[in-house]
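Trainee: Sharing a structure below in structure tokens format, with a few things to ask.
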Amino acid sequence: MVKDFKVLAFISGRGSNLKSLLDNSRNYKIIGIVSDNPDAPGLQYGETYGVPVHIFSRKNYSNRVEFKRAIFDFAGGKGADLFALAGFMQIVSSDFIELQVGKIINVHPSLLPKYPGLDTHRQVLAAKEKEHGCTVHFVDAGVDTGPIIAQMKLECRAGETEEQLSARVLELEHQLYPWVVNSIAQGRIVLKDNCVVYAADILNQANQRGILIPRC
Ligand code: GRF
């Protein structure tokens, strides 16, 4: 099968979600890996999987605005159908978001809208939450605020450490993110009028996999 749905991935660090996207790319092709961190361990997957890496270093730009302009001008020129943020630590420029409506997604380690931003696992433990999980959402101009596509949940365990909890959530991320990207690549999940619209079979699939779909 020719995978002509092109995904550009963005990372800043470890890249385990990128690896999961690479391992499970049934309906799409990762055409490049963009990193704002020249030392991101996840860049190794470019070589392993034969995917071009595009590294941007803040020190080559006089200010953050120019740095981000370089990243997103480059990204916009790649002809990607989807931009998948996977642990990318830059806020996406608002003009890029306006240009690419419905084409930028992110995976986040909490049940949004709860716990946007960093340190989600620590906050969940401190708040003694009963449940936690992960979210894939379309990116808008806020921090982790765009329309929610899908979530996976787990129950917090008594005495669980932050590391244990984050490892269990990460496993869910690795299932959820490729499922969403494969579904978007098949045109079965789309953003319409700022609302996420799903094909009927997607709802059945989600049900079988324990994936939660919000009502818009
Ligand atoms: C993941 O928890 C992701 O949800 C968050 O950053 C982390 C990245 O991990 N946005 P990795 O680089 O994919 O291993």
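Trainee: List the strands (runs of 3 or more DSSP E) that sit entirely inside the range 1-87 and contain at least 3 residues that are hydrophobic (A, V, I, L, M, F, W, C) and either within 21 Å of residue 170 (Cα to Cα) or free of Cβ contacts under 8 Å to residues at least 60 places away in the same chain (or both). Walk me through it before giving the result.
Mentor: Details: elements: 6-11, 29-35, 53-55, 82-85.
Filter on the range 1-87 gives 6-11, 29-35, 82-85.
Trainee: Mind listing just one residue for me: the one in the range 117-144 that is in a helix (DSSP H, G or I) and of a type outside the set (A, V, I, L, M, F, W, C) and, of those, nearest to residue 168 (Cα to Cα)? Please lay out each step first, then the result.
Mentor: Narrowing the range 117-144 to residues in a helix (DSSP H, G or I): 120-126.
Add one more test, that the residue is of a type outside the set (A, V, I, L, M, F, W, C), and what stays is 120-123.
Working: 120: 13, 121: 11, 122: 14, 123: 16 Å.
Once the filter is applied, the top-ranked residue is 121.
Trainee: Would you mind finding the one in 160, 155 that is touching a strand residue (DSSP E or B) at 6+ places or on another chain (Cβ under 8 Å) and farther than 23 Å from residue 202 by Cβ?
Mentor: Details: 160 fails: touching a strand residue (DSSP E or B) at 6+ places or on another chain (Cβ under 8 Å).
On inspection, the qualifying residue turns out to be 155.
Trainee: Select, from 97, 105, the only residue that is within 16 Å of the chain's Cα centre (by Cα) and either of a type in the set (Ser, Thr, Tyr) or within 12 Å of the ligand (Cβ to nearest atom) (or both).
Mentor: Details: 97 fails: either of a type in the set (Ser, Thr, Tyr) or within 12 Å of the ligand (Cβ to nearest atom) (or both).
Testing whether each residue is within 16 Å of the chain's Cα centre (by Cα) and either of a type in the set (Ser, Thr, Tyr) or within 12 Å of the ligand (Cβ to nearest atom) (or both) leaves just 105.
Trainee: For the range 115-144, name all the residues that are within 17 Å of the chain's Cα centre (by Cα) and either more than 14 Å from the ligand (Cβ to nearest atom) or open to solvent by 50 Å² or more (accessible area, probe 1.4 Å) (or both).
Mentor: Passing the criteria: 116, 118, 119, 138, 140, 141, 142, 143.
Trainee: For the range 145-171, which positions are assigned to a loop (DSSP other than H, G, I, E, B), open to solvent by less than 30 Å² (accessible area, probe 1.4 Å) and under 17 Å from residue 214 (Cβ atoms)? Full working, then the answer.
Mentor: Quick first cut of the range 145-171, residues assigned to a loop (DSSP other than H, G, I, E, B) only: 145-147, 156-161.
Now narrow it down to the ones that are open to solvent by less than 30 Å² (accessible area, probe 1.4 Å): 146-147, 160.
The answer is 146, 147.
Trainee: While we're here: For the range 12-33, name all the residues that are within 8 Å of the ligand (Cβ to nearest atom), crowded, with 23+ Cβ neighbours inside 10 Å and under 15 Å from residue 47 (Cα atoms).
Mentor: 15, 18
Trainee: Next up: Looking at 6, 19, can you tell me which residue is farther than 25 Å from residue 191 by Cβ and of a type in the set (Lys, Arg)?
Mentor: Working: 6 fails: farther than 25 Å from residue 191 by Cβ.
Exactly one of 6, 19 is farther than 25 Å from residue 191 by Cβ and of a type in the set (Lys, Arg), namely 19.
Trainee: Being away from the ligand (no atom under 14 Å from the Cβ) and open to solvent by less than 20 Å² (accessible area, probe 1.4 Å) is the filter here, so list the residues in the range 1-11 that pass it.
Mentor: Within the range 1-11, the subset away from the ligand (no atom under 14 Å from the Cβ) is 1-8.
Passing the criteria: 7, 8.
Trainee: How many residues, within the range 34-74, are open to solvent by less than 80 Å² (accessible area, probe 1.4 Å), within 14 Å of residue 12 (Cβ to Cβ) and away from the ligand (no atom under 16 Å from the Cβ)?
Mentor: Number satisfying all stated conditions: 6.
Trainee: So for the range 192-206 (the condition being modelled with pLDDT of 95 or more, in a helix (DSSP H, G or I) and within 15 Å of the chain's Cα centre (by Cα)), does at least one residue qualify?
Mentor: No; the residues of the range 192-206 include none that is modelled with pLDDT of 95 or more, in a helix (DSSP H, G or I) and within 15 Å of the chain's Cα centre (by Cα).
The values are calculated or read from the model by the stated rules, or taken from the named source; none is laboratory data. The model shown is predicted, which means the values in this text are computed figures rather than measured ones. As a convention, Cβ positions derive from the backbone with ideal geometry for all residues, glycine included, and neighbour counts pool all protein chains shown. With ligands, DNA and RNA removed, areas are computed over all heavy atoms of the protein, side chains included. Shrake-Rupley method; radii C 1.70, N 1.55, O 1.52, S 1.80 Å.
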